[in-house]
1. Could you check, for the range B:229-245, whether at least one of its residues is surrounded by 21 or more Cβ atoms within 10 Å (Cβ to Cβ), in the same structural domain as B:Val289 (by TED's automatic domain parsing), farther than 30 Å from B:Ile4 by Cα and modelled with pLDDT of 95 or more?
2. So in the range A:51-76, with the set limited to residues that are farther than 16 Å from A:Leu124 by Cα and β-branched (Val, Ile, Thr), which one is surrounded by the most Cβ atoms within 10 Å (Cβ to Cβ)?
3. Tell me, please, whether a residue that is over 21 Å from the mean Cα position of the chain (by Cα), away from chain A (no Cβ under 14 Å) and either without any contact (Cβ under 8 Å) to a residue 40 or more places away in the chain or farther than 30 Å from A:Trp142 by Cβ (or both) can be found in the range B:104-114.
4. Across the range B:279-304, what is the total count of residues that are closer than 13 Å to B:Ile332 by Cα and either in contact with a Phe, Trp or Tyr (Cβ under 7 Å, 6 or more places away or on another chain) or not assigned by TED's automatic domain parsing to the domain that holds B:Val347 (or both)?
5. Would you be able to tell me the number of residues in the range B:117-139 that are in contact (Cβ under 8 Å) with a residue 40 or more places away in the chain and either within 20 Å of the chain's Cα centre (by Cα) or more than 8 Å from chain A (Cβ to nearest Cβ) (or both)?
6. Within the range B:209-243, can you find the residues that are under 30 Å from B:Arg19 (Cβ atoms) and within 14 Å of chain A (Cβ to nearest Cβ)?
7. Identify, from the list B:Ala66, B:Ala101, B:Ala110, B:Ala77, the residue that is in a helix (DSSP H, G or I) and of a type outside the set (Phe, Trp, Tyr).
8. Filter the range B:244-280 for residues that are of a type in the set (D, E, K, R) and in contact with a Ser or Thr (Cβ under 7 Å, 6 or more places away or on another chain); which is farthest from the other protein chains (Cβ to nearest Cβ)?
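The values are calculated or read from the model by the stated rules, or taken from the named source; none is laboratory data. These numbers were taken from a predicted model, which means no experiment stands behind them. Neighbour counts are summed over all protein chains in view; Cβ atoms, including those assigned to glycine, are modelled from backbone coordinates with ideal geometry.
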Amino acid sequence: MSDSAPTKTRVPAVEGLFTMDDPPHLIGGRLSDTGGYCFPKDLGGADPAASGGDVDEVLLSRTGLIWSFTNSVYPPPQPFMITEPYEPVTVAAVELDEERMVVLGQVHPDWSVADLEVGMAVELVLGTLYEDDDHEYLTWQWRPVGAEPGKGAS
Amino acid sequence: MDEIAVLGVGMHPWGKWGRNFVDYGVHAAREAIADAGVDWRAVGFVSGAITVRCGYPGYVAGSTFARALGFTGAQVASSYAACASGATALSVARGQILSGACEVALVVGADTTPKGFLAPNEGRRPDDTDWLRFHLVGATNPVYFALHARRRMALHGATPDDFAAVKAKNSRHGVHNPNARFAKVFSVEDVANSPVVSDPLRLLEICATSDGGAAVVVASMDYARRLGVTDPVRVAGISLVTPTYPDTIIDLPYLATDSAAAAEPPDLGFKESIGARVYEEAGIGPDEVDLAEVYDLSSALELDWYEHLGLCEVGEAESLLRSGATSIGGRIPVNASGGLGAFGEAVPAQAIAQVCELTWQLSGRAGKRQVEGARVGVTVNQGLFGHGSSVLLRR
């Protein structure tokens, strides 16, 4: 936090799930023979109508609408990495328009459940999941677009 | 589908007893065998529901229970399907009976659970979605329950009081069940005064984890007749369906749903398809059901099941609840046992416990929680990673 603290290296908490670009994208899969999507790329369910062709790597839409949301008031168990003092994690399930799929993620920590609504537009950003002495471990987060945090949903 | 007979049922009371899971399973099995009026040595097949929390003896639960009851040379199998394990074990037993491989089978499951949230296996496992959801999102099971609760509020106007009323109802039922863990009536106010776990759900609305055991003895209809049992409770249908692609409803333990970009979602979503299959197999419709045991992992999820099971139209669950129809004495009592709200979940035993309750109800042995004149009952539940679980029982 202090000005003299050395800059930590920003690394993804898990490799291969999202890009570190600005703006970031989730890395999904697209079935070459049907055009359906999945996330994560290698952990999606197959389309039974497909013949088992390739799953191509694609960048998923970085905007969508909140399908539902909640929080975790109590600290989740490991392998979640707790940063003390624990602040409730807000979670949103977001429907991506083009892909027609719902993707889970944390919500940017400036936002709480009181600020959110089903149907609200959000975009993908990166945020810190946890840190050690040398690294910041990042994950994807959903952040509302065109609204201010801390005022509660109207 | 041909039917099989339920000859006997038994349970070890749910609680936080801290003993070996084998004790609970053996207790339940002996009770079921005695209830059936058969000799243990006549049981030709032991179908164990696996616990993954109790080491190797839990992974081979069928033989563990068989040995603890005294090895007889019976055939054995062990099944795991998370919360659906018990229904899977029952289905395996039905297959053995209907194929003629055995005449009488014991189905048994038991668990000893740790305190707190259920969590994935240890070790860094980024190719396991169950690990990823905890590590990257902090998405515990209650997070998923709450996503569905919030969605229900947005879509159908459910209120936190509706959710609390489910818990209150089930506690009023469960107080009359000697096998339930929580022998206390909770009010809507009690729920509202308990802390929020995952908004909008509160601590009293989230299913606890419990120790417990449940068992049923099932047999061919012919064997039942030879025993002199002329009007047994019968298993008329079992549904173990998977979802149909694309499943576009987010559920644990996944980070994302399937995509509907290239294929339209099926007419019936996963949870609707579980009940649809069991009704089809039994040749019985939801309007003929007298009572249901549904998986209230959260109070709010019980409302979803009303609709998924066809007990009311989509969007009508709140009014069904508010009308009192799903309380004992109402048109279609749900969770007369007290449900998970009164039991807490003992994973491999739970789907079997649902069958135990319906058997007691359909044979008029449910005491103060008896649903008068019940002839047809249905259970429903769902195992992690896409295991449907539903059993239809009738007299």
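1. No, the range B:229-245 contains no residue that is surrounded by 21 or more Cβ atoms within 10 Å (Cβ to Cβ), in the same structural domain as B:Val289 (by TED's automatic domain parsing), farther than 30 Å from B:Ile4 by Cα and modelled with pLDDT of 95 or more.
2. The selected residue is A:Thr70.
3. Restricting attention to the range B:104-114, the residues satisfying the condition of being over 21 Å from the mean Cα position of the chain (by Cα) are B:104.
Checking the rest, the ones that are also away from chain A (no Cβ under 14 Å) come to B:104.
Still in the list and also either without any contact (Cβ under 8 Å) to a residue 40 or more places away in the chain or farther than 30 Å from A:Trp142 by Cβ (or both): B:104.
The answer is yes, given that some residue of the range B:104-114 is over 21 Å from the mean Cα position of the chain (by Cα), away from chain A (no Cβ under 14 Å) and either without any contact (Cβ under 8 Å) to a residue 40 or more places away in the chain or farther than 30 Å from A:Trp142 by Cβ (or both).
4. 2
5. The total comes to 2.
6. Across the range B:209-243, the qualifying residue is only B:Thr209.
7. Details: B:Ala101 fails: in a helix (DSSP H, G or I); B:Ala110 fails: in a helix (DSSP H, G or I); B:Ala77 fails: in a helix (DSSP H, G or I).
Unique residue meeting the criteria: B:Ala66.
8. Taking the range B:244-280 as the starting set, the residues that turn out to be of a type in the set (D, E, K, R) are B:247, B:251, B:258, B:264, B:267, B:271-272, B:277, B:280.
Okay, now just the ones that are also in contact with a Ser or Thr (Cβ under 7 Å, 6 or more places away or on another chain), so B:247, B:258, B:277.
Values: B:Asp247: 8, B:Asp258: 5, B:Arg277: 17 Å.
The residue in question is B:Arg277.
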